[in-house]
1. Tell me the relative contact order for chain C as a rounded percent, counting alpha carbon contacts under 8 Å between residues six or more apart.
2. So what does the Cα-only Debye profile of segment D:9-233 read at q = 0.08, 0.13 Å⁻¹, as log10 I(q)/I(0), no solvent term?
3. Inter-copy label distances at B:L142, 7 Å along the Cα→beta-carbon direction, one decimal in nm, shortest first?
4. List the distances, in nm and shortest first, from the label point of C:E98 to the matching label points in every other copy, placing each point 7 Å from Cα along the Cα-to-Cβ direction.
5. Where does chain B land at 222 nm, in deg cm²/dmol rounded to the nearest 500, when only DSSP H runs of n ≥ 4 count, each adding -39500 (n - 2.57), divided by all residues?
6. Taking the Cα centre as origin and putting +1 on Lys and Arg beta-carbons and -1 on Asp and Glu beta-carbons, what dipole magnitude results for the protein assembly as shown, to the nearest 20 debye?
7. So which residues in segment B:241-268 end up with at least 40 square angstrom less accessible surface once the other protein chains are there, compared with the chain by itself, probe 1.4 angstrom?
8. So for segment D:256-313, what percent of the C-alpha to C-alpha distances run longer than 19 Å?
There are 4 protein chains.
Amino acid sequence: MPLDASARGVYPIAPTPFHPDGTIDFASIDRLTDFYRGCGATGMTVLGVMGEAGKLDQAEGLAVATRYIRRAAGLPVIVGVSAPGFAAMAGLARASMEAGAAGVMIAPPNSLRTDDQIATYYRQAAEAVGADVPFVIQDYPLNFSVVMTPGVIRRIVQENASCVMLKHEDWPGLEKISALRAFQAEGSMRPISILCGNGGLFLDFECERGADGAMTGYAFPDMLVDVVRLSQAGERDAAHDLFDAHLPLLRYEQQPGVGLAVRKYLMARRGLIAADAQRRPAGSLSTAARAEIEYLLGRLARHDARAVVGTGR
Amino acid sequence: MPLDASARGVYPIAPTPFHPDGTIDFASIDRLTDFYRGCGATGMTVLGVMGEAGKLDQAEGLAVATRYIRRAAGLPVIVGVSAPGFAAMAGLARASMEAGAAGVMIAPPNSLRTDDQIATYYRQAAEAVGADVPFVIQDYPLNFSVVMTPGVIRRIVQENASCVMLKHEDWPGLEKISALRAFQAEGSMRPISILCGNGGLFLDFECERGADGAMTGYAFPDMLVDVVRLSQAGERDAAHDLFDAHLPLLRYEQQPGVGLAVRKYLMARRGLIAADAQRRPAGSLSTAARAEIEYLLGRLARHDARAVVGTGR
Amino acid sequence: MPLDASARGVYPIAPTPFHPDGTIDFASIDRLTDFYRGCGATGMTVLGVMGEAGKLDQAEGLAVATRYIRRAAGLPVIVGVSAPGFAAMAGLARASMEAGAAGVMIAPPNSLRTDDQIATYYRQAAEAVGADVPFVIQDYPLNFSVVMTPGVIRRIVQENASCVMLKHEDWPGLEKISALRAFQAEGSMRPISILCGNGGLFLDFECERGADGAMTGYAFPDMLVDVVRLSQAGERDAAHDLFDAHLPLLRYEQQPGVGLAVRKYLMARRGLIAADAQRRPAGSLSTAARAEIEYLLGRLARHDARAVVGTGR
Amino acid sequence: MPLDASARGVYPIAPTPFHPDGTIDFASIDRLTDFYRGCGATGMTVLGVMGEAGKLDQAEGLAVATRYIRRAAGLPVIVGVSAPGFAAMAGLARASMEAGAAGVMIAPPNSLRTDDQIATYYRQAAEAVGADVPFVIQDYPLNFSVVMTPGVIRRIVQENASCVMLKHEDWPGLEKISALRAFQAEGSMRPISILCGNGGLFLDFECERGADGAMTGYAFPDMLVDVVRLSQAGERDAAHDLFDAHLPLLRYEQQPGVGLAVRKYLMARRGLIAADAQRRPAGSLSTAARAEIEYLLGRLARHDARAVVGTGR
């Protein structure tokens, strides 16, 4: 079933698990997929930046996406297809959709500056992957150095019928969500799904501003699911209480450069993947950093039993 | 008394208070200085990025610095003297030192890339302000786009006797503190003071890694003072408990672009300054944002009485 | 007489001459101004990037501008007033206009990305310097990292009645000139003056595309005057012949980082200024580089007698 | 025969010829290869930035490289293998070497800032492609935003035995060549081959500073061959005379963004490739631009018969 603008909930950004020797750990893909499904995720996104997509070659990327899609068994899977050129992008998009993907995600190349350049790029990209392939805009200025105004996002949405979702990770970003929802309310932009990334650092308020949920890779996606659910149910204080309990650790995970190392370490500690191995180039954790994470886990465990993970390494 | 490498504690980054019409609010400078002194700050830093230094002309900048210095009455004041050229930098440094400043802070221009360029710049800057003027390196890659390795910082320290402090705000930055302290331990770098910025987002662990304290502008500098004190006293859990209670609000304040608006709003709510006015260009707060801050204040007040600030506007 | 959209010809970017000890060489300002006037320049621009404006403090900047304005005796002088903040910008603009400047030039801060940010900045800057002060947009992406589409330039022109000129130095830029002139032709933008910078590297074709002349600092402004005159007179081949004879040297001068050193060396060799001194930080010329310049001068002298400058140092 | 540090002469940067429908034009690859060989090129470089490598998918890239290698019949071919990750880089390097490539070229990712980051990247890349695969450093700050000092280049050379060549395209760059040759002379760096890019804009002096030749894609590689030969034969004036005759056109071709469009247009006009088609995103030539190129061609034809190309389109 293709992705559409009604998507809500939590689409975790799935990592690519590796064995310590750098080969892909397909068994961990299966285990992780089962966990996502079990904890209430409503979809998944694979081959994002934090999925180490750039470190896979073409065949490996497709193999990872395919494995996730098969195991997801109907849960919609979005495949990141960002590439330096449209040929590689279109090839991966086509193959992923044939393998059963629900849609694709496209990040802008960091050379884009003006509003026109951004809008033109998405028009060409949408054409390259195929007008029938639903796509997600990834709006992540801190990482891509491309700044999209609400007006430009509206322009992309209005110019491309296949654009159905925004992965929102501008920072600051709360006013952007409000602006986009106001566009919808006044009828100047058709409705889209907005799922929030940026490590989840503002998820508590993003939901309240009108986001449909989260698309990020924090090592406790089950917490993200609960926060989104509580927020959508109007249980504001409960949502913040849970979110705040996780914030010290979530903030620790959100550090540029080493964030993925923290995330994979936590996922391995939780037993969601077999090893915290990354392909090079990779940030790594010092002994001090590992001890800090364990300390944060211990503190979190007083509030959330899911953080009880046995003795650390 | 000139700044030296033994500086510790909290040097708040002082804002420049404005009246709503954009003129400088000198009375609020006095009030704020008294507050800093009263809450246990061990020094102050004025005319930093968050002090809107770039929006003041030369005479205004010196007037603000001078007012802070006089009211501080002996508490060491560091003056930010970063400027596009050495003439303006040297002029402000000289005048500030004559007015009683303890030292100056110098940020790198964003055109610097290589290790040699960075080291050369600081050598020339140190010479420009005068070899007898103690200076602080400001290491803030997210804002200045200049990346300094621990090795480059060591080189600056070793090449310039007047370099006495690092304002540490790399992100991630914990390993950098450990690396610099290891340089000192092995004798390859003379001791310097390290005070941490970056909104205080990692202050809890920065102290544990060997930082001497904080130099940041969070609207609750009294909390920063307590966290540094608790941490230095070995009361780890208590330090984290207090820090974690503030983290949701601190994170909200640390947003690029609108962070200063949040900070000034909070300071005005606390009665530390008369108005939250900024000079243009300035981020501003929507009604929704103000309500979010009030909500966070209310939640914080359950843990920290200092957040009880009466009814919001 | 205030600058208006009818400005044409050559406005050299004037350097700030220094004595070898770094103090300002006012006598060379006079000599250079007389030369500009004598060779047919129709105006001048001072305190630009290549005027080392950033290396002057506030009082020095105004002193340099004032000296140029007085000596120019009626020839319109544009003063670069770009500054980190509006207070310094407005102060210099006001003082310069009082001293007799014809208008001011404003470059965008390098943090601007989106179309809206750029347009907003110029609206606020125009207001800051005063609605009655004619201003020039400086469009130099290679140096400022700000990319303005023709549409954004039109927006600035239409939103600010005091915008009368574009200093065009986009690269590539020929199509931009054509696009702006097409806007005028179709009536969607009021006429502005377009003078071209970027070292003059494309001046031959820029005139043919509709530029009104040059605003750049090549050490042979007399050549620029002739090329613009020939081109405007329809003597295409003659214009290119002269331009091409200078191109090897002009290209050598246009190197980032050391270009100003080349320019000042050439001006000193021609006797236009007393010394080629720059304030730090500054690029400098190796013995090999000086020999290369002399070789190029010698080759040029076979085509243009103005390059006969006696024995080199 | 593997590439080594004795390489000299001209290695043209070969474009990837496309049919107007975007498919690869293999017949033009053959024609162009024969032309390179016939005009005195001593090698070739394929899949560079100007070879539109990023617009090809993995299989296409290898197909283009292989076709060039086969037709080159012994002339050394360097294959650009720059990629977002080491898996894709290593895969293409291995396959290219098996197909008969002489070596590979590696550009730095634009996220690198510090000296250590750059050196580490090349160490990991050299290991990824295999210690037995000769590689070329591509030093092109204007395009990649990575600034390498002479000291960092020396470090890469000394740390990686398989590093045999520098594609030098820093700007300005003449002093860098002198610095590297001085390192060799003093014995602190083993000899490497230096071939110059950056559109050839300084080739005249680069040869005199000690470069071994050119690696760039100007549409008249036969001119590059002559200039390098004349310069190496000590015929300085003749080398400059020829170079200067081409400089107006060469400069026109070197414009960022549209340069490749100019180059392919010229190559098609010369009959070296069948069409000037590029894959998207691509700069294109306006009618005015085409007329300007034709005008420059006509002027060049008075000095160099190779520019006589029949009536334009």
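The values are calculated or read from the model by the stated rules, or taken from the named source; none is laboratory data. The structure displayed is predicted, hence computed values, not measured ones. When we count neighbours, we look across all protein chains shown, and the Cβ atoms used for this are built from the backbone with ideal geometry, even at glycine. The accessibility values were calculated without ligands, DNA or RNA, using every heavy atom of the protein model including side chains. Shrake-Rupley method; radii C 1.70, N 1.55, O 1.52, S 1.80 Å.
1. RCO, chain C: 19 percent.
2. For the requested q values the scattering log ratios are -0.26, -0.71.
3. Nearest first, the other copies' label points are 0.6, 3.4, 3.5 nm away.
4. 2.2, 7.5, 7.8
5. The per-residue figure over chain B is -14500 deg cm²/dmol.
6. Dipole magnitude for the protein assembly as shown comes out near 0 debye.
7. Hits at the 40 Å² cut-off: B:D244, B:L247, B:P248, B:R251, B:Q255, B:P256.
8. When every Cα pair of segment D:256-313 is considered, 27 percent fall beyond 19 Å.
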